[in-house]
């Protein structure tokens, strides 16, 4: 399998050329224009400090359809308690920094390197990346962030410091996306966590049918927090 090295040009090889693990290309940069091109092409970056920038297009891809998100009985009870306050885009930088810190403590390392954090923060300032914050007594105890293009949301990472905090954030995100007629949440990788929320795997052809529909709509850049 050939390895494709990216230069300064803003382009990617066809996703069909990815290897069996989904690795498509190496190199390039994390500029907003390249990141937006990547997400709009079903591609995302993921690498660690010991490697160059790696670009992935794995299939099948797990998607959550916002209006069909599965909420367990126990989570429904927690939501009814209104224990947490949920906001959107109130502290994007702290959410992504917390995601990096939690993963570092858990795994001994993180793919959220300083240049990645700065790249997504730039997307946030441009209205293409958004955060969900979950608060308890005024303290940030959970959250998640991702990229929004058209009516597609590409989930990147989440964290929690209190049990169920990130789950509550996920439900509020899905409800917001459903209300605004988003087609899907791209979970990128299949995990037990996203499967519990009802993620279903779709093959490449079906994925791009959904993506084309989503990108036919303008991007919602200003998000209003739940009331």
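Table for the structure above
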{"item": "Paramagnetic reach from residue 225 (point 7 Å along Cα→Cβ, amide N under 14 Å) across the range 74-90", "result": "84-90"}
{"item": "Semi-axes of the equivalent ellipsoid for the range 4-58, Cα gyration tensor, largest first, Å", "result": "15, 14, 10"}
{"item": "Using a Förster distance of 25 Å, the FRET efficiency for residue 206-residue 122 (Cβ separation, nearest 0.05)", "result": "0.20"}
{"item": "Simple label model, 7 Å out from Cα along Cβ direction - residue 9 to residue 50, nm", "result": "3.3 nm"}
{"item": "Average Cα contact separation per residue, the chain, under 8 Å, 6 or more apart, as relative contact order %", "result": "24 percent"}
{"item": "Separation of the residue 91 and residue 73 label points, Cα + 7 Å toward Cβ, nm", "result": "3.5 nm"}
{"item": "Least to most buried among 11, 166, 41 (fewest other Cβ within 10 Å first)", "result": "11, 41, 166"}
{"item": "Per-residue Cβ neighbour rank within 10 angstrom, fewest leading, 141, 132, 200, 209", "result": "209, 200, 141, 132"}
{"item": "Distance between the range 1-43 and the range 127-164 - C-alpha centres, whole angstrom", "result": "25 Å"}
{"item": "Gaussian network model of the chain, Cα within-10 Å springs - most flexible of 58, 32, 163", "result": "163"}
{"item": "For the range 62-215, the spread of Cα positions along each principal axis, largest first, Å", "result": "42, 40, 28"}
{"item": "Largest-first ellipsoid semi-axes for the range 157-227, taking √(5λ) over the Cα gyration tensor eigenvalues, angstrom", "result": "23, 19, 9"}
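None of the figures in this text is laboratory data; all of them are computed from the coordinates on show. Note that the structure is predicted; figures quoted are calculated from it, not measured. Positions of Cβ are generated from backbone atoms using ideal geometry, with glycine treated the same way; all protein chains shown enter the neighbour counts.
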